[in-house]
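First the structure, in the form of structure tokens, and then the observations on it.
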Amino acid sequence: MRRNKLLVLLMILTCALTLLAGCGGQKNEPAADENSWFELDSETGILTVRIPDETPDFEWYFVVGDEKVIELLTQETTDDTYVASFRALEDGESQLTFSYVKNDEVIEARLLEVRCEGGNVAEVINDGIVDMTGEDEE
């Protein structure tokens with residue numbers, strides 16, 4: 001029951017972030033360091049995400065928008081860093097939403113738009129990092 005509640009919360013968050021990403025009419029380019037939390041290996045077509053995991057009792061969860069397009073390959077948390085790798089399953093586009101959660105509290109969310117082509121992750125776009133605590137990040 002608790003897992004279903006968390007899944008519903010993450011899906012709502014995904015929808016909200018998607019709507020926010022589409023608002024405004026102009027696309028703000030993220031600062032260079034905002035993209036340092038993920039990398040795309042152009043040779044293997046593997047997407048790797050590395051996110052700090054330093055807040056006690058909080059864990060990173062993710063939701064794949066279209067599970068026919070991309071899947072989780074590996075995930076682990078070591079040295080206060082959450083690391084997950086993803087691979088393409090078929091051509092298409094999907095979203096990856098990462099949420100930093102403790103019970104039902106989400107303090108941060110990150111959204112990636114992913115395009116897969118030719119059996120590889122071909123393009124990754126950072127659609128934002130959202131501080132859910134209401135505090136401004138510097």
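The values are calculated or read from the model by the stated rules, or taken from the named source; none is laboratory data. All of these numbers come straight from a predicted model, not from anything done at the bench. Here Cβ is always computed from backbone atoms with ideal geometry, including for glycine, and neighbour counts include all displayed protein chains.
The conditions are (1) at pLDDT below 95; (2) assigned to a strand (DSSP E or B), and Pro56 fails exactly one of them. Which is it?
It is condition (2) that Pro56 fails.
So in segment 65-80, with the set limited to residues that are within 14 Å of the chain's Cα centre (by Cα) and in a strand (DSSP E or B), which one is farthest from Arg115 (Cα to Cα)?
Only one residue fits best here, namely Gln75.
Among the numbered criteria (1) farther than 16 Å from Glu113 by Cβ; (2) assigned to a strand (DSSP E or B), which one does Phe86 miss?
Phe86 satisfies every listed condition except (1).
Are any of the residues in segment 90-106 surrounded by fewer than 19 Cβ atoms within 10 Å (Cβ to Cβ) and of a type in the set (A, V, I, L, M)?
no
Please go through segment 107-119 and give me each residue that is crowded, with 19+ Cβ neighbours inside 10 Å and out of contact with any helix residue (DSSP H, G or I) (no Cβ under 7 Å at 6 or more places or on another chain), ordered by number.
Of everything in segment 107-119, those that are crowded, with 19+ Cβ neighbours inside 10 Å and out of contact with any helix residue (DSSP H, G or I) (no Cβ under 7 Å at 6 or more places or on another chain) turn out to be Glu108, Arg110, Leu112, Val114, Cys116.
When Thr133 is evaluated against the numbered criteria (1) more than 10 Å from the chain's Cα centre (by Cα); (2) of a type outside the set (D, E, K, R); (3) assigned to a strand (DSSP E or B), which criterion, by number, is the only one it fails?
(3)
Based on this model, can you work out whether Ala122 counts as in a strand (DSSP E or B), crowded, with 18+ Cβ neighbours inside 10 Å, of a type in the set (Gly, Ala, Ser) and at pLDDT 95 or above?
When the stated conditions are applied, Ala122 does not pass them.
Output yes when any residue across segment 57-74 is surrounded by 12 or more Cβ atoms within 10 Å (Cβ to Cβ) and without any contact (Cβ under 8 Å) to a residue 12 or more places away in the chain, and no when none is.
No: segment 57-74 contains no residue that is surrounded by 12 or more Cβ atoms within 10 Å (Cβ to Cβ) and without any contact (Cβ under 8 Å) to a residue 12 or more places away in the chain.
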